[in-house]
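All of the numbers you see were taken from the coordinates with simple rules; none came from a lab. Bear in mind that the values here come from a model prediction, so they are computed numbers and not experimental data. Here the Cβ positions follow ideal geometry from the backbone for every residue, glycine too, while neighbour counts run over all protein chains shown.
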Amino acid sequence: MDAKDILGLPKTPLPIPQEKKSRPQKDSQRKPDGISREVYALTGGVAPLMPSIDVSQLKRRPPSDEKITWQWLPFTSSARKDDLQLYHWVRVVNGVPPTGDYSFAKYNKSVDVIRYTDEEYEKYLTDPKWTKEETDQLFDLCERFDLRFIIIADRFPTHRTVEELKDRYYSVSRAILVARAPSPGEVAGHPLVKEPYNVTQETERKRALSMVLSQTKHQERKDAEVLAEAKRIAESRMAARAAEEPDLPVPSDVGLESAEGAVGPGDTISPSNVQAPAATIAPSTSVIADNASTLASLRMLRVYLRTYALEQMVQAASSSAGLRTIKRVEQTLQDLGVNLKPKVPTKAVCAEHLELRKEILTLLNLQKQLQYKEAEGSSFRDGSYGDMPGTAKRSQRAADQDRTFVPDTISFGVIPGDRVVKREQKRKGPGRTSETPSSPAGAHKRPRKMKASDL
Amino acid sequence: MVDTSLSKKKDPDQPEISLPTLKSQRTKMGKSEDSEKKIKDVEISVPIVYGNAAFWLGKKASEYQSHKWTVYVRGATNEDLSVVVKRAVFQLHSSFNNPTRVVESAPFELSESGWGEFEIAITLFFHNDVCEKPLNLYHHLKLYPEDESGPMSTKKPVVVESYDEVVFTEPSESFLARVQNHPAVTFPRLPAGVTLPPPVSTEDESKKKRGDTKDHPLSQWFLNFSEADELLQLAAARQQVQAHIAKLRRQISLTDGQNQQFKPL
């Protein structure tokens, strides 16, 4: 009752003829009107905001002028080819049974399978790979099973793939259509004629699909990565092509093809092989493509300053690097005693400078790689994820591996040809014996990961 | 010295004003079809140095004229740039009278007096057979020495120079032919099968004004730019980096091997 108050619904039930019997308003909980209590309880036992069932309609009786009876009567169906008579309950109104076909007969649809004559077979349809008998069987099955080729392939007496069956069926039908047509133009619009079945394409397509289906999550991620790279390469290639760059380096083509090979149809073996190199090639091919498009745009300029050209090439080479990495490259250059912008930018000097920058980028990437691998390694050994090396657990570990330390930034000595490398490290762990000296605080900002340990 | 065996095509947009600085008589060269032909995959570069020298005027300095300065563009080895450069336009600060100064001949320089440092935009226009597009250089005029506490001298100028190279891509045959032996230009190696017509000789030397800066009054202050030092530096740096890369690669494969044993089950 309270709920009805809140909802603003009328407290007394709508008058229903059946409710004429004065029922004592038993309990305020008796909400359902016109439907049984149990059914009402299914809705949660409370009246819906908008009554979905029109309560007044529920116990409506049929119009009293009609006399309805139910009778057990025979019937036939036009869908049947025999004259089988079956029986069912029929709603008879005023003694008149319903007329018309069996109501489900309209659903008996089938496919128009073209049947050829023997003569036509001899003339148009012979094929070295198919006997007439087989073709006949195929067509029978097609008709019987409404072109459900999976089933047909299953029931076909000799072993044939679904694609082969389809190919045969469609090419025969097509040939018949064309042969029977008074003029070619008339059938040109027929789907069978317009778009012939392509066996090889279909086989390939299904193979590709099954490959994609059977990919592991890991592979899926790799593929997504490679696709993104390929897209970038394609875009920069468009730019290069627009600028008429003739000598796009071969590695980028190789990279692109291996990327496509990894994603598209291919042997199950090759994708996994290609994944790893493609993933590593992909970043460098995008850089190469950037370089190529930069060269192309420079060429278009007709005249430019070499310092400008160097700037552009440096930008292209660092296109895949973040701002932080670029800053680190510059820091490294300074540490090496090299001018950030060459003082004498001749062709040779600029080339060397560019190569040096690229090498430094490689160096930084390798450093990062090594750090990750070491972090990985330590997390494996700890047996727990996300366990950073340098926690107390590690220092107490008895059997530990001897690993070399990789500094975050490297200070180089200025003396050419004589490398003086200062290393920086922070260590935890008892009784360390190390030969490498610790250096004064360098340019790095992050806390160091623990790397080496006792022998 | 200027190679007088070179000739110039008649330049229609060059005004035929006889200024004392205007030097060469233009001979009309028969237009051949080849003159517009561009050589692909070839670039030709002209090393230049541009900058300024500024003298403090000392006693004669006034509030608005404390320095006398010259901004210039010269060949890196002090050769005559007019073989490629038709004119140079120096865009000065708007507080100067006629801030757009055009210099029609080598040496491409401009002298002024003032007190302020500002950016000067230098636009180089090239001869028609060289390049139709002009090139912009930007130089920040420096009057005051780096070391602010040091004494200012009227004898020793403050000099700031920048080295750069002007690169022409796909140069025309006629351009290449014309500058074949000119010392101001770094001539490229021509691809196989490309030959150039021999340069045509012209008027005598004496009529031409010297455009090179070898004996320029400021030449004693010019800086030397040698690529050798920088190349050496770069080579050494690369060596260091390469060695480090090799080392890291070894470490990575080592770690990989170690990690293999401990992969989680």
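A few comments on the model shown:
- Exposure proxy ranking for A:Leu340, B:Leu176, based on other Cβ atoms within 10 angstrom of each Cβ and starting from the fewest, stands as A:Leu340, B:Leu176.
- Counting Cβ atoms of other protein chains within 10 Å of each residue's Cβ and taking the mean over peptide A:346-354 gives 6.
- Likely footprinting exposure, B:Arg210, A:Arg302, B:Arg250, fewest C-beta neighbours within 10 Å first: B:Arg250, B:Arg210, A:Arg302
- Between A:Ser103 and A:Glu225, the FRET efficiency from the beta-carbon distance, with R0 = 56 Å, is close to 0.50.
- A full extension of the chain between A:Met238 and A:Leu7 corresponds to an added length of 76.6 nm, given 0.36 nm per residue minus the alpha carbon distance.
- Three-way shape call for the range B:43-191 based on the alpha-carbon gyration tensor, with the a/c threshold at 1.5: prolate
- Each of B:Phe187, A:Phe104 was scored by other Cβ atoms within 10 Å of its Cβ. Arranged with the fewest first, they read A:Phe104, B:Phe187.
- For residues of A:302-314, the mean tally of beta carbons on other chains within 10 Å: 5
- The overall shape of the range A:286-337 is oblate: from the C-alpha gyration tensor, with semi-axes ordered a ≥ b ≥ c, the ratio a/c is 1.5 or greater and a/b is no larger than b/c.
- Counting only other chain Cβ atoms within 10 Å of each residue's Cβ, the peptide A:328-339 averages 2.
- Modelled FRET efficiency - R0 45 Å, B:His140 with B:Gln261, Cβ distances, 0.05 increments: 0.15
- Rounded, prolate or oblate (a/c below 1.5 giving rounded, otherwise prolate when a/b exceeds b/c) for the range A:63-109 by Cα gyration tensor: prolate
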